[in-house]
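What follows is a set of notes on a single structure, which appears directly below.
Every number here is computed from the coordinates shown, using simple stated rules; none is lab data. It should be emphasised that the depicted structure is a prediction, and the values quoted were computed from it without experimental measurement. In this analysis, Cβ positions are derived from the backbone assuming ideal geometry, glycine residues included, and neighbour counts consider all displayed protein chains.
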Amino acid sequence: MKQKPRVAVFDFADCEGCELEIADLEEEILDLIEIVDIVSFREVMKEHSDNYDIAIVEGSIMRPIDEQRLRKIRSHAKVLVALGACATIGGINKIRNQWMPDEVMKEVYGNANVKGNELFNVNKTKAVNEVVPVDYYIHGCPIDRDEFKHVITSIALGKKPEIPRYPVCVECKKNENICQFELGNFCLGPITRAGCKAICPTNNSPCEGCRGLIKKAETECVKEVLERYKLSYEDIRRRCTMYNYGREECGVDE
Amino acid sequence: MKKIQSMSKKDFTSFVNTLIASKTYDVVGVKAKGERFVYDTLDTADDLRLDFDVTIIPPKKYFLPQYEQMMKFSLEKPFDVHPTFDDQPRVIIGVHPYDIIALQQSDAVYLDDQKDDFYKKRRQNTILIACDIQKVSERSFAASMKTNIVEDGFDLLVTNIGNTYTITIGTEKGKKLLEKYGKTKDATTEEIKKIKQVRDTLASKYKQKVKIDKKEWPEYLVANYQNAIWEEHADKCMECSSCTMVCPTCYCYDVRDLVSLNMKDGQRLRTWDGCMLKEFTKVGSGEVFRDDTKERYRHRFFRKGNYLPQRYGFVACVGCGRCGIACLPNIADPCDLMNELAHFGKEEETGRYFIKQKTTVVEKGIIHVPRSATIRKIQHLSDTDTFFELELDDKKPLGHDPGQFVEVSVFGIGEAPFGVSSPPTDTPLFEIMVRRIGNVTTKLIGMKPGDKVGIRGPLGTGFNMKSFEGKNLIFCSGGTGMVPMRSVINYVVDKKHRDKYKNITILYGAKRPKEIVFMPDVDNWKKVHDLQCEVTVDKCEPTECWGGCVGLVTTLFPKVRMDKFDSKNTIAIVIGPPVMYKFVIQCLKTMGITDDNIYVSLERRMKCGVGKCGHCQINGIYTCKEGPVFNYQQIKQLPEAFE
């Protein structure tokens, strides 16, 4: 029998919620361990091995020591998967990129003496692909379990996963939702990558853009919509801060 | 004259409740969702809101669901595929006239000569209880489209005439349902008169009006294909395809294979797709055929107002106004767009972007379900190109014409179109060539003889070889264009057929020597005395072994032995990458070959292969149905063909 691919799950700066989504597969976790050998997964097991084929990396990269650790992971892994918004786009952790690292340190630790301690040596927050090449992305905050399954089975089958590059509106319309704009809310769905089954607007909460932007925030069409709904570029910039700080001008990048 | 009954409102409520209680049907009706309305299963008649204006999405979701499983397959067995049909009997209560008309339109598409079995089953299992509109939706312009009332297409039609409902019997099926579950009496003359009054009063309440009669939509659109308004509006377009999602006459879909986490089984699923999305026309090689937002924006209106009218005779907009509500920058409403076009001219000749052609029904059985085939031979031609011999397991010949294609399924991965590279035979064997570009091709290349794949086809319109008899033939191919071309060439050079054709010239250009596909065939053709075969490569590194011509395929034209043939009696067949056509066709024209004697084969995203999913459209035609082989004289009129 062909050897099962060995999988290791790692976390950096994050809430571990996306890992929890994997652990939450419940009985399907038995299917998962049928098709892969999980050799390291701190959240659910004690064992650890550096011998793996697929590294699933959760979290944003904040410090030089994290970069070193990530590079080591990359060198061990044949395939590297970025898991969740912190890893795929930097996510919430990028909010702090509004300030310089030393300002942040001062704000948080005041006059405590942390100088020279590498645990407290921080850079600007980076997404995983700003440090090492990423093969596959599982977007979202948290990830969608079905998409996780799709990516894992695709890797196992040797196919490139089909991840949408169209906006959340497509899935939102399929779910027969009343448009958030119609309800007087400001939703990032029209410029955010789909794949989440429009879970937020379907549950009556506007999209926050956790799966990354697929359109630059400053385009003719966005301006048109902002104007029609009496919003400004400043509004959209502020809204993007939560998950997409510094990415308003990126558009789709992978 | 249809039979009309009447029913008190109280009796109607108990009719609906009895239907629900019978548990025979999934009883669907219009329910409130916040300030808007949706179709949903009814638990009680109290939830039914026949006073609705318009639902968020149309009832098409019951016939072409947002996500529909088409088949289940096993990954453990070599070939184990089972189509999955929805057998649920259903009654839908509260379908407005415009949505009834929209359904009749999708019937024209989905129940045409190549019936979509999934759709058909759902349609047969459903009883439609239409209702006359009681409240006009603010964005609706149904009165202008004459879709605010309907004469047929329903099983029953409910009209609120004040204190009572009248029920117009549309079909025997509707009549039986009413007899079994409801209590009615014949409508009085007075009541029947009221129906017209109700309808007339309502028709006067439409604020949105289209200035151009729907008969003239094709004329205004054709005249304004190049108008600047497409770009002006497209600049504001979010490319979210909300307009197509909520549209009752948009029926394009995408197909995906999903595999369970146990890797033992999976499903093939179709889901709504939208022509406003950039990836809609993207093929395996990465090319996007409607790359510009302007082109996609224009395509949506042309499909509704020109292409489908050419094909089926109806304007595919029913004036429901849903797209106008859904569009954030407010550029999707056909009423606004047509009223803008009213300021410009119109043109009588409306068929310019369409080719009227009889297409053959090529696929029998359930059109979307592949039959099994076994890989017999695999030969790796180069790093990227692999040759496959396949055998249909039903042992029947494929029965294709040169130029036709097949859809090859690798379950779990997906399905992709391939030109057949072998000539027609009496055996179940046929050949394809696979170039590594995407998921399906990569997986195929890794497969072994004895492995199973799924085959649909032959599909599309190929070359009519009979019509070329008695003529000289020039074959001009570039790159993988040689794949389908080989099928044509080996057909005419076959001893059985060679006498029927006069002089044969083969011109073939590949990028690099190693990318020449079918070298053994090329060598054979070169050896044959009664034909001329010239090969060139675009580029050749000193390290590569190549003694032939270097240059684009057009550099071969001066070598053609002109003395051998009369250009008036010559057919040219051109197959190659999109950029090649313009230059090659110019060369052919210089030689005196007329446009009607030139044939081309075009590549597009042929997903369903049977003229349903919409991805392969070149203006008004389906590449998978009217093509991929086209007469140049006809296809050159379509601006999207060679852009």
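Before moving on, here are some points about what is shown:
- In chain B, the C-alpha radius of gyration followed by the widest Cα-Cα span (Dmax) gives 28.0, 94 angstrom.
- Put the Cα centre of segment B:109-152 next to the Cα centre of segment B:154-174 and the gap is 15 Å.
- Compactness of the protein assembly as shown as Cα Rg over 2.2 N^0.38 Å, two decimals: 1.04
- 20 °C / 1.002 mPa s Stokes-Einstein diffusion coefficient of segment B:465-601, Kirkwood radius on C-alpha pairs, µm²/s: 143 µm²/s
- Relative contact order of chain A, defined on C-alpha pairs under 8 angstrom at six or more residues apart (%): 18 percent
- The amide H of residue B:422, built 1.01 Å from its N in the peptide plane, has B:431 as neighbours under 5 Å, considering only residues 5 or more places off or on other chains.
- Amide proton proximity set for residue B:548, modelled H, under 5 Å, gap of 5+: none
- Residues B:605, B:436 arranged by fewest to most Cβ contacts within 10 Å: B:436, B:605
- Hz values of 3J(HN,Hα) by residue in segment B:394-400 - Karplus curve (6.51, -1.76, 1.60), Gly and Pro given as x: 7, 6, 8, x, 4, x, 9
- The magnitude of the dipole of the protein assembly as shown, with charges of +1 and -1 set on the Cβ of Lys/Arg and Asp/Glu and taken from the Cα centre, is near 1940 debye.
- For the pair residue B:85 and residue B:264, the difference between a 0.36 nm per residue extended length and the Cα-Cα distance amounts to 62.3 nm.
- Interchain or long-range residues, amide H under 5 Å from residue B:376's placed H: B:389, B:390, B:391, B:450
- For segment A:59-70, 3J(HN,Hα) computed residue by residue from phi via the Karplus equation (6.51, -1.76, 1.60; θ = phi - 60°) reads x, 9, 9, 10, 10, x, 5, 5, 4, 4, 5, 5 Hz, glycine and proline entered as x.
- In terms of surrounding Cβ atoms within a 10 Å radius of their Cβ, B:287, B:389 rank from fewest to most as B:287, B:389.
- Given +1 at the Cβ of Lys and Arg, -1 at the Cβ of Asp and Glu and no other charges, the dipole of segment B:370-468 around its Cα centre is 100 debye to the nearest 20.
- In Hz, Karplus ³J(HN,Hα) per residue of segment B:602-617 (6.51, -1.76, 1.60; θ = phi - 60°; x = Gly, Pro): 10, 9, 8, 7, 8, 8, 8, x, 10, x, 10, 6, x, 5, 9, 5
- Over chain A, all Cα pairs binned in 5 Å intervals from 0 give whole-percent P(r) values of 1, 6, 12, 16, 17, 15, 12, 10, 6, 3, 1, 0, 0, listed from short to long.
- Counting Cβ atoms of other protein chains within 10 Å of each residue's Cβ and taking the mean over peptide B:255-264 gives 6.
- For trypsin sites (Lys or Arg not before Pro), the sites in segment B:540-589 that DSSP calls loop and that have at most 12 other Cβ atoms within 10 Å are B:561.
- Segment B:1-140: C-alpha gyration tensor shape, a/c 1.5 cut-off, then a/b vs b/c: prolate
- Tensor-based shape of segment B:477-556 (alpha-carbon gyration tensor, a/c under 1.5 rounded, otherwise prolate or oblate): prolate
- Between segment A:109-132 and segment B:281-355, the Cα center-to-center distance that results, in Å: 54 Å
- Chain B: relative contact order in percent, alpha carbon pairs under 8 Å with at least 6 residues between: 12 percent
- For segment B:138-231, applying the loop criterion from DSSP together with a ceiling of 14 other beta carbons within 10 Å to the trypsin sites (Lys or Arg not before Pro) yields B:205, B:207, B:209, B:211.
- Remark: B:260, B:409 ranked as B:260, B:409, counting other beta-carbon atoms within 10 Å and listing the fewest first.
- At most 13 other Cβ within 10 Å, DSSP loop - trypsin sites (Lys or Arg not before Pro), segment A:166-195: none
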